[in-house]
1. Return the long-range amide H neighbours of His140 (sequence gap of 5 or more, or a different chain), with a cut-off of under 5 Å between placed amide H atoms.
2. Report the FRET efficiency, 1/(1 + (r/R0)^6), for Asp261 and Arg217, where r is their Cβ-Cβ distance and R0 is 41 Å, rounded to 0.05.
3. Can you pull the semi-axes for the range 195-292, root of five times each eigenvalue of the Cα gyration tensor, sorted largest first, whole Å?
4. Suppose a student asked you for the relative contact order of the range 106-181, using Cα pairs under 8 Å spaced at least 6 residues apart; what percent would you report?
5. Near Ile6, within a Cβ-to-Cβ distance under 11 Å, what is the net charge of the other residues, with Lys and Arg +1 and Asp and Glu -1?
6. Rank these for me by crowding, Ile97, Ile220, going from fewest to most other beta carbons within 10 Å.
7. Could you let me know the centre-to-centre spacing of the range 111-189 and the range 196-255, using Cα atoms, in angstrom?
8. Within the range 244-303, report the GluC sites (Glu not before Pro) that DSSP leaves as loop and that have at most 15 other Cβ atoms within 10 Å.
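Every number in this text was worked out from the coordinates using simple rules, so none of it is lab data. Everything numeric in this text was worked out from a predicted model, so none of it was measured. So basically every Cβ, Gly included, is an ideal-geometry build from the backbone, and we count neighbours across all protein chains shown.
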Amino acid sequence: METTLIDPPGRQGPGTVGGPVVGAIELALTRRSGGVLPGEYQAAGLGSGTELSQLRPYVEGDDVRHLDAAATARTGEAHVRLHVPERSLTTWVVLDISPSMAFGTADRLKSDVAEGAVRVVSRLSVRRGGRVSLLRCGAHPTSTTLLPPAGGRPALGAIDRALSEGVAADGAPDREDLETALGRLHRIARRPGLVAVVSDFRDPSAWARPLSVLSRRHRIVAIDVSDPREHELPDAGLVMMIDPNSGQTVEVDTSSPRVRDAFAAAETERRDQVHAALRRVQARHIDLSTDSEWLRDLGRGLR
């Protein structure tokens, strides 16, 4: 059965994505993914770059801009410098569109914050000739689009269209979990690059295992999106709660201090487990919330 993606009620969008903060994030993302200096990622063959491959006599057809003045003067024969070309970095963005991402009680929904984070990372990934790919998970496999690595405006346009499709409906069956999506990415992403996972990490699957495998080849950035009401319950009396991922309902007496304390303790334990799993794979863990300035928090996390 195919899962229908929905435009969640209360969707606000990520807000303004731009300004000097994005410039600071660009520098931080470049350092995180490819080092401070260019040329850390190499391609096969010869071309323009910063690392010298060979110095040889000039032959007809060589680019005169590659003439080496010092070698030419020293030998009395025209010589050219050939460099190892720099390979553009590929960024793989894994976006969680499971039903729990449509939750939000503050300024915006978690899916709004996730959308903003994906837009920023995608735009910065293609600025220096890099490529970006988007893999969605948390919905039916027919809705978990994999956009192949591409650069420039066409890549950003395809990602914007995918983001506009929304998230999976509550209680949707047969959803592709995060573990499966990361395993699929490992089989596809053969060359070293950057993997940015944007999720609330409430997926019960064993996602830490394939993420650990990915970390052997790629640098990992985990962007963890949450809402304040997921950390502690307010005193609101008797409340009917729905698990958006499973569709199950439960009646909760939020006026009970024991219930509120148990909820907070369980959430603290869950978050500690997520943090520990991300530390083990040496991922950069960035916490974003629906009640804060997510763009500035993203910049601080990358720095």
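1. Thr3, Glu176
2. Numbers: r = 43 Å, r/R0 = 1.04.
Given R0 = 41 Å and the Cβ-Cβ separation, E is 0.45.
3. Details: eigenvalues 184, 35, 29 Å².
Working through the eigenvalues yields semi-axes of 30, 13, 12 Å.
4. On the way: 81 pairs, mean separation 24.5, N = 76.
For the range 106-181, the relative contact order is 32 percent.
5. Numbers: positive: Arg11; negative: Asp7, Glu165, Asp170.
My count for the surroundings of Ile6 gives -2.
6. Details: Ile97 29, Ile220 19.
Final ranking by Cβ density, sparse to dense: Ile220, Ile97.
7. Computed from Cα coordinates, the inter-centre distance equals 18 Å.
8. Numbers: sites: Glu251, Glu267, Glu269, Glu293; in loops: Glu293.
The qualifying sites are Glu293.
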